[in-house]
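To keep things clear, I will list the structure first and then write my remarks on it.
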Amino acid sequence: MSRSTLRVSRLTQIQRLLEADDVVTIGQLVEHLGVSEATVRRDLDALQRSGVIRRTHGGAISAPLHELPYPVRGSCCVEEKRAIARAAASLVETGATLFVGGGSTTLHFAAQLVDAEVTVVTNSLPVATELSRGRRGQVIVIGGTLRTPEQSMVGPRAVEAIRSYRAGIAFLGAPALDSQHGFTADGDVEAATDLAFIDNAQRCVILADHTKMGRVSTTHVVPLTAIDMVVTDTGAPTEIIEDLRAAGTKLLVAEVTP
């Protein structure tokens with residue numbers, strides 16, 4: 001088992017303990033995980049950066065996330081996201097089973113699928129609500145811990161639920177995509193959920209507008225080699241597009257129409 005897999009396993013166990021008791025001490029975690037105090041402290045720091053815990057003297061407690069509300073983030077690059085959504089929808093075949101992650105771009109993508117005869121498994125409440133307007137497809141919403149600002153389900157139970165399904169394509173939004181560092185997320189909790197989607201899908205398609213390209217965020221999710229296609233818009237810098245293609249990444253560049 002790789003070091004990154006072991007770390008994700010530890011973070012998942014810590015979240016489980018907090019779901020059960022709301023409070024854990026470093027001593028309890030050292031004993032439960034069988035690792036050093038220094039390792040536990042690093043893991044707690046990572047979870048605090050993700051916003052799902054709050055560090056205390058000698059341990060941690062559960063804490064809600066604090067970030068820009070979903071409607072605020074969704075107001076950025078609207079036309080670009082719509083163009084990306086239309087382009088991504090062209091990859092969907094009738095009768096397919098899809099994973100769709102949370103985010104403002106995937107919400108636009110969901111709007112393109114309202115009348116499609118597909119099955120969508122999602123951790124996003126806004127995506128599920130959008131798809132509920134349709135009459136031909138099926139929507140499966142997984143459980144977990146509600147990540148309030150994005151209205152998505154994350155955490156160990158979400159990861160478990162995702163692993164019980166298989167999909168042809170996972171369509172995921174990405175806060176950061178870089179030719180050297182690959183797909184990175186804003187925190188370990190988000191990364192674990194995205195990784196579960198990717199691991200249980202035959203193909204992975206990343207939806208990322210030009211503002212996400214060439215950026216590196218906090219937590220590594222997967223390298224570019226694990227991504228089958230990136231759908232972006234014409235605002236993406238040429239050098240970044242060239243770097244991604246040089247790395248062997250397939251790109252679909254959507255034309256933005258007024």
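Every number here is computed from the coordinates shown, using simple stated rules; none is lab data. Source: prediction; values computed, not measured. Glycine also receives a Cβ, built like all others from the backbone with ideal geometry; neighbour counts cover every protein chain displayed.
Distant-in-sequence amide contacts of L251, defined by a placed amide H-H separation under 5 Å and a gap of 5 or more residues or a different chain, comprise V230.
The rule of thumb for compact globular proteins, 2.2 N^0.38 Å, goes into the C-alpha radius of gyration of the range 3-62 0.97 times. Taking the convex hull of the alpha carbon positions in the range 70-254 and averaging its projected area over all directions gives 8.9 nm². Relative contact order for the chain: 16 percent, from Cα pairs under 8 Å spaced at least 6 residues apart, divided by residue count. Mean residue ellipticity at 222 nm, helices only, the chain: -12000 deg cm²/dmol; runs of at least 4 DSSP H residues each add -39,500 (n - 2.57), and the sum is divided by the number of residues. For the pair R136 and E117 in one chain, pulling the backbone fully straight at 0.36 nm per residue adds 6.3 nm over the alpha carbon distance.
Taking amide hydrogens as placed 1.01 Å from N in the peptide plane, the amide H of R147 sits under 5 Å from those of S152, M153, V154, each at least 5 positions away in sequence or on another chain.
Computed from phi, the 3J(HN,Hα) profile of the range 100-109 under the Karplus parametrisation 6.51, -1.76, 1.60 (θ = phi - 60°) reads 10, x, x, x, 6, 6, 5, 5, 5, 4 Hz, with x in place of Gly and Pro. In the chain the longest region clear of trypsin sites (Lys or Arg not before Pro) that are loop-assigned by DSSP and have at most 14 other C-beta atoms within 10 Å covers 1-132. Let a ≥ b ≥ c be the square roots of the eigenvalues of the Cα gyration tensor of the range 147-229; is it rounded (a/c under 1.5), or, if not, prolate (a/b larger than b/c) or oblate? Because a/c hits 1.5 or more and a/b fails to exceed b/c, the range 147-229 counts as oblate.
Under 5 Å between amide hydrogens, built in the peptide plane, is the criterion, and for I140 it picks out V120, V121, T122 among residues at least 5 positions away or on other chains. Of the GluC sites (Glu not before Pro) found in the range 192-258, those that fall in a DSSP loop while having at most 14 other beta-carbon atoms within 10 Å are E255. Residue by residue, the range 175-185 carries 3J(HN,Hα) couplings of x, 7, 9, 9, 5, 8, 9, x, 8, 10, 10 Hz when phi is fed to the Karplus relation 6.51 cos²θ - 1.76 cosθ + 1.60 (θ = phi - 60°); x denotes Gly or Pro. The string of couplings for the range 10-16 from the Karplus curve (6.51, -1.76, 1.60, θ = phi - 60°) is 5, 4, 5, 5, 4, 5, 4 Hz, one whole number per residue in order, with x for Gly and Pro. In the chain, a dipole from Cβ-located charges (positive for Lys and Arg, negative for Asp and Glu) runs towards its positive end, and of G155, A254, T211 it is G155 whose Cα lies farthest in that direction.
Charged side chains reduced to their Cβ positions (Lys and Arg at +1, Asp and Glu at -1) give the range 82-148 a dipole of some 160 debye around its Cα centre. Gaussian network model of the chain, Cα springs within a sub-10 Å range: biggest mean-square fluctuation belongs to which of Q28, Q13, Q151? In this elastic network of the chain, the residue with the biggest mean-square fluctuation among Q28, Q13, Q151 is Q28. The charge dipole of the chain, taken about its Cα centre with unit charges on the Cβ of Lys, Arg, Asp and Glu (plus for the first two, minus for the last two), comes to roughly 320 debye.
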